Amino acid sequence: QVQLVESGGGLVQPGGSLRLSCAASRSISGIYSAGWYRQAPGKQRELVASITNGGSITYPDSVKGRFTISRDNAKNTVSLQMNSLKAEDTAVYYCSYWSRVQYWGQGTQVTVSS
């Protein structure tokens, strides 16, 4: 079993920045893709950034140019830098690693509000 622990959520004003981090409890990152999902109240969980073990990155149009995902396989971490945050970015953010099995973190709240 693998535990993923997220940190870095919080309250930020529109236009501000936050950095989310996720640490895996053991070495799994070398063969797994990693990413960040979010789920807002009443909405489905959506993928907002992903990075393969080879370093290929994808973002949906809603966050492209504002969010940046990175991973450190030596430290078993994946991070999400979020800039120019908007109210519609408010959600619980989950990190995940997946291959044949998908692992999830417990989620961290991000609230963008003035």
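The values are calculated or read from the model by the stated rules, or taken from the named source; none is laboratory data. Source: prediction; values computed, not measured. Cβ: placed from backbone, ideal geometry, glycine included. Neighbour counts: every protein chain shown. When the accessible area is computed, the model is the full protein with side chains, heavy atoms only, and any ligands, DNA or RNA have been set aside. Shrake-Rupley method; radii C 1.70, N 1.55, O 1.52, S 1.80 Å.
Just to be sure before I move on: is Asn83 at pLDDT 95 or above, touching a Phe, Trp or Tyr at 6+ places or on another chain (Cβ under 9 Å) and on the phi < 0 side of the Ramachandran plot in the structure I sent? Talk me through it step by step, then tell me what you get.
On the way: at pLDDT 95 or above: yes; touching a Phe, Trp or Tyr at 6+ places or on another chain (Cβ under 9 Å): yes; on the phi < 0 side of the Ramachandran plot: yes.
It is true that Asn83 is at pLDDT 95 or above, touching a Phe, Trp or Tyr at 6+ places or on another chain (Cβ under 9 Å) and on the phi < 0 side of the Ramachandran plot.
Please tell me if Val2 is closer than 30 Å to Ser114 by Cβ, open to solvent by less than 40 Å² (accessible area, probe 1.4 Å) and not hydroxyl-bearing (Ser, Thr, Tyr). The answer is no for Val2. Against the definition (under 23 Å from Glu88 (Cα atoms), of a type in the set (Ser, Thr, Tyr), touching a residue at least 40 places away in the same chain (Cβ under 8 Å) and buried (at least 17 other Cβ atoms within 10 Å of the Cβ)), how does Tyr32 come out, yes or no? No. Looking at Leu85, Leu20, Leu80, just one residue is open to solvent by less than 50 Å² (accessible area, probe 1.4 Å), assigned to a loop (DSSP other than H, G, I, E, B) and either in contact (Cβ under 8 Å) with a residue 40 or more places away in the chain or over 18 Å from Gly9 (Cβ atoms) (or both), and that residue is Leu85. Note on the range 65-77: residues that are open to solvent by 60 Å² or more (accessible area, probe 1.4 Å), at pLDDT 95 or above and of a type outside the set (Gly, Ala, Ser) amount to 1.
All conditions in (1) modelled with pLDDT of 95 or more; (2) closer than 17 Å to Val101 by Cβ; (3) open to solvent by 80 Å² or more (accessible area, probe 1.4 Å) hold for Ser27, with the sole exception of (1).
For Val92, the criteria (1) assigned to a loop (DSSP other than H, G, I, E, B); (2) surrounded by 16 or more Cβ atoms within 10 Å (Cβ to Cβ) hold in every case but one, which is (1). Contact map, the range 64-75: residues that are outside any strand (DSSP E or B) paired with residues that are of a type in the set (A, V, I, L, M), Cβ distance under 7 Å, separation 6+ or inter-chain. Pairs shown: Arg66/Met82. Of all the residues in the range 5-17, those that are closer than 12 Å to Thr108 by Cα and either open to solvent by 20 Å² or more (accessible area, probe 1.4 Å) or more than 16 Å from the chain's Cα centre (by Cα) (or both) number 6. The listed residues are Tyr103, Tyr37, and the only one of them that is in a strand (DSSP E or B), surrounded by fewer than 21 Cβ atoms within 10 Å (Cβ to Cβ) and touching an Asp or Glu at 6+ places or on another chain (Cβ under 7 Å) turns out to be Tyr37.
Scanning the range 72-114 for residues that are among the basic types (Lys, Arg) and in contact with a Pro (Cβ under 9 Å, 6 or more places away or on another chain) returns a single hit, Lys86.
May I ask you to list the residues in the range 9-47 that are basic (Lys, Arg) and either in contact with a helix residue (DSSP H, G or I) (Cβ under 6 Å, 6 or more places away or on another chain) or closer than 18 Å to Arg66 by Cα (or both)? Talk me through it step by step, then tell me what you get.
Step one: filter the range 9-47 for residues basic (Lys, Arg), giving 19, 26, 38, 43, 45.
Within the range 9-47, Arg19, Arg38 meet the criteria.
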